[in-house]
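Below is one structure, written out as structure tokens; comments come after it.
The values are calculated or read from the model by the stated rules, or taken from the named source; none is laboratory data. All of these numbers come straight from a predicted model, not from anything done at the bench. Counting neighbours? That spans all protein chains shown, and the Cβs are built from the backbone with ideal geometry, glycine included.
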Amino acid sequence: MVVWAMLGMWAGLFALPGESRMLWAAAGLVLVVFASLASAGALRRRMLFWADFAWLRGFGLMLMVASIRTVPGMPQLDVPRRCEGWYWTQGSGIIEDSSGLKLRCYDTLQEGFAYQLRLDLIPLDSAQVPWAFDAAKAAAPRGIVARAKVRARLTRVPVASAWWRRSAIWGRNQIQKLPWGPASRGLTQALWIGDMDDLPESSMQAFQALGIIHVLSVSGFHLGLIWVGMLSLLPLVPRAGRGLVTLIALAVVWAFVAVVGFAPSAIRSAAMITVVGVIGLGGNRPRGIDAFALAQVGLLAFFPKMAYQLGFQLSSAAVLGLILASPPATSGLKSSKLLAGLRTSLAAQWATTPLALPIFHSMPFTFLLSNFLLVPPLLMVYPYSILAFCGLPMPDPEPLLEGLARIASDPRLVWADRFPTPNQTALLVFYALAGLLALRSRRPWVVAAALAFTALVLAQSGPRLHREQRWISMGRGIACIQVRGDSVRIYGSKYLLANDFLWSRSMQPYFKSRGIKYLEKHLRAYEVMEQGLRAQQMGLGHEVPKRDNMPGLSRVVNPQNLGSPL
């Protein structure tokens, strides 16, 4: 039943009932009552075949939970404002005030102090074209409402940080003292305290291209090591004290989650470990899917915004894939550690592909080989860094990481520029589910067929030429984007055309999805652009005039080559 409740939680959080919540609740109640009465009647008549209506009760429970679980409010700043108040940094470019209001701020503020600041608050950018990065949507689940720019620092006073923040700062300082290169220190910092801010971009791209980026994200893989390590002490403890050891192990797991900043993937993993540990205190061992579902229901009931965070989604999908692909313990089938490891890597990658592909637009070819060959050496960073902390002269692994980055920079290792449509994403989900269940039942031909169809969908999800026109408005800037085959013309006001970050970074996924090869910028007066935008909003199909009353504005400004043709 808890699995059906989990499905209801996710359905409600993504507003599937819509305006029909009362209808869903009534239908769910009817199904639960009907299934219960039908089961009871079948048992009285000893019709055992018809007595099992658990699936119908579960479906009714899912409908009722979905009707109750509403979408949480995630307010965002809509207009620029100025304010003054006391703020302190939460690390990773986030500041917070006493009311819990969080802001994205890239000005350098020292931890351990509260600052009286005068701020300019700027609304976060929303995606106005397909595939463009939506900063507002990504920040909303974390409670970040706007971007802040410090106009003046009036004063500051020392404040006491929580013990986990002090522990993370102490750990970061110790790691930065190591006589190693930036990539080595950044990797050590990511593995120990989950902080990837100091990891060079080349190293980050290398891990992503090789399909081992999950090693850097604190999740069940890292917490599982702590949990298993702590439970390995149970045989050394008298039976009466084993429950206490289990509780201490859970406390250590949650302490580590606090030190790494309560990352969504770490919280999900710790919640599942807690379910397993608490039920284990009674001498029982829950099924993997039940422990997973119970942890999901608890987290989404109290922290519903986690459902909209990509880290939580990817972590949940990976664990669900591992559970679905693992043969049941009662099957009696055993496989070698090599095959089990390959199955684990394939299941995790397969389950997360429908979520990750629309965000990262790439698929690593070598993820199986990379996980098999590179993950074990990377885990040696833990004992290797401990020896370095103890003062032993351990050689700097920087050359190895630089060599890995050079190898991963080969574009042939990644299937890049993938932009699946909603229908293609649905197909990826279907083939992933079929393949995971085939892995569970050990049907290699079905696995091969599902892999082949998945590859076919990936091959068809590349850039597609379009002929379209879109308008975007940011602040006091307006632009009209006209896509014609492999070229795009941008008519816009002065300040928006001068925003190089917008056109070279934010809009790049959109341009690549359209197969754009050439870009031209045409300057137009703001009044002309405003007139065109209003006409478009009124549905008049207004085209931007090629000329206006300002001389010299019809020439092409700053042409850019955005890549090779299809």
Check on LEU294, touching a residue at least 24 places away in the same chain (Cβ under 8 Å) and either over 18 Å from ILE323 (Cβ atoms) or out of contact with any helix residue (DSSP H, G or I) (no Cβ under 6 Å at 6 or more places or on another chain) (or both): no
Residue that is closer than 24 Å to ARG343 by Cα, modelled with pLDDT under 90 and among the small types (Gly, Ala, Ser), where the choices are SER441, SER409: SER441
Count of residues meeting criterion [crowded, with 22+ Cβ neighbours inside 10 Å and polar (S, T, N, Q)] in segment 165-216: 4
Top-ranked residue in segment 95-130 [being among the polar types (S, T, N, Q) and surrounded by fewer than 15 Cβ atoms within 10 Å (Cβ to Cβ); ranked as nearest to GLY477 (Cα to Cα)]: SER126
Of all residues making up segment 483-498, the number that are in a strand (DSSP E or B) and either in contact (Cβ under 8 Å) with a residue 60 or more places away in the chain or closer than 20 Å to ILE122 by Cα (or both): 0
Hey, GLN76 in contact with a helix residue (DSSP H, G or I) (Cβ under 7 Å, 6 or more places away or on another chain) and outside the structural domain of MET22 (by TED's automatic domain parsing) or not: yes
Residues located in segment 488-498, provided they are under 32 Å from the mean Cα position of the chain (by Cα) and among the small types (Gly, Ala, Ser): ALA498
Count - residues of segment 135-176 that are closer than 29 Å to LEU187 by Cα and part of a loop (DSSP other than H, G, I, E, B): 4
Selection count, segment 381-422, where residues are under 21 Å from the mean Cα position of the chain (by Cα) and either surrounded by fewer than 15 Cβ atoms within 10 Å (Cβ to Cβ) or of a type in the set (A, V, I, L, M) (or both): 4
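This table checks each residue for (1) more than 30 Å from ALA432 (Cβ to Cβ); (2) of a type in the set (Val, Ile, Thr); (3) surrounded by 12 or more Cβ atoms within 10 Å (Cβ to Cβ).
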{"site": "PHE256", "(1), (2), (3)": "yes, no, yes"}
{"site": "VAL275", "(1), (2), (3)": "no, yes, yes"}
{"site": "GLN296", "(1), (2), (3)": "no, no, yes"}
{"site": "ALA307", "(1), (2), (3)": "no, no, yes"}
{"site": "ALA318", "(1), (2), (3)": "no, no, yes"}
{"site": "SER345", "(1), (2), (3)": "no, no, yes"}
Given (1) part of a helix (DSSP H, G or I); (2) in contact with a helix residue (DSSP H, G or I) (Cβ under 7 Å, 6 or more places away or on another chain); (3) among the hydrophobic types (A, V, I, L, M, F, W, C), number of the condition PHE501 does not satisfy: (2)
Answer from ALA452, ALA432 - the residue that is in a helix (DSSP H, G or I), out of contact with any Lys or Arg (no Cβ under 6 Å at 6 or more places or on another chain), at negative phi and surrounded by fewer than 19 Cβ atoms within 10 Å (Cβ to Cβ): ALA452
Unmet criterion (only one of (1) within 17 Å of ALA139 (Cβ to Cβ); (2) in a strand (DSSP E or B)) for ARG82: (1)
Boolean, SER504 is modelled with pLDDT under 90 and either surrounded by fewer than 15 Cβ atoms within 10 Å (Cβ to Cβ) or within 24 Å of the chain's Cα centre (by Cα) (or both): yes
Residue among LEU119, LEU109, LEU124 that alone is assigned to a strand (DSSP E or B), touching a strand residue (DSSP E or B) at 6+ places or on another chain (Cβ under 9 Å) and not assigned by TED's automatic domain parsing to the domain that holds MET507: LEU119
Out of VAL215, VAL253, sole residue that is touching a Leu at 6+ places or on another chain (Cβ under 6 Å), at pLDDT below 85, closer than 24 Å to GLY171 by Cβ and not assigned by TED's automatic domain parsing to the domain that holds TRP10: VAL215
Pair list, Cβ < 6 Å and 6+ apart or interchain, from segment 125-154 residues that are under 27 Å from ARG470 (Cβ atoms) to residues that are among the basic types (Lys, Arg): VAL129/ARG470; PRO141/LYS305; ILE144/LYS102; ILE144/ARG104; ARG147/ARG104
Test: residue in segment 199-210 that is of a type in the set (Ser, Thr, Tyr) and at pLDDT 85 or above: yes
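Here's the yes/no breakdown for (1) under 25 Å from the mean Cα position of the chain (by Cα); (2) at pLDDT 85 or above; (3) farther than 30 Å from ALA317 by Cβ:
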position: SER20; (1), (2), (3): no, yes, no
position: LEU29; (1), (2), (3): no, yes, yes
position: ALA38; (1), (2), (3): no, no, yes
position: LEU43; (1), (2), (3): no, no, yes
position: LEU63; (1), (2), (3): no, yes, no
position: ARG81; (1), (2), (3): no, yes, yes
position: TRP86; (1), (2), (3): no, yes, yes
position: GLY91; (1), (2), (3): yes, no, no
position: PHE113; (1), (2), (3): no, yes, yes
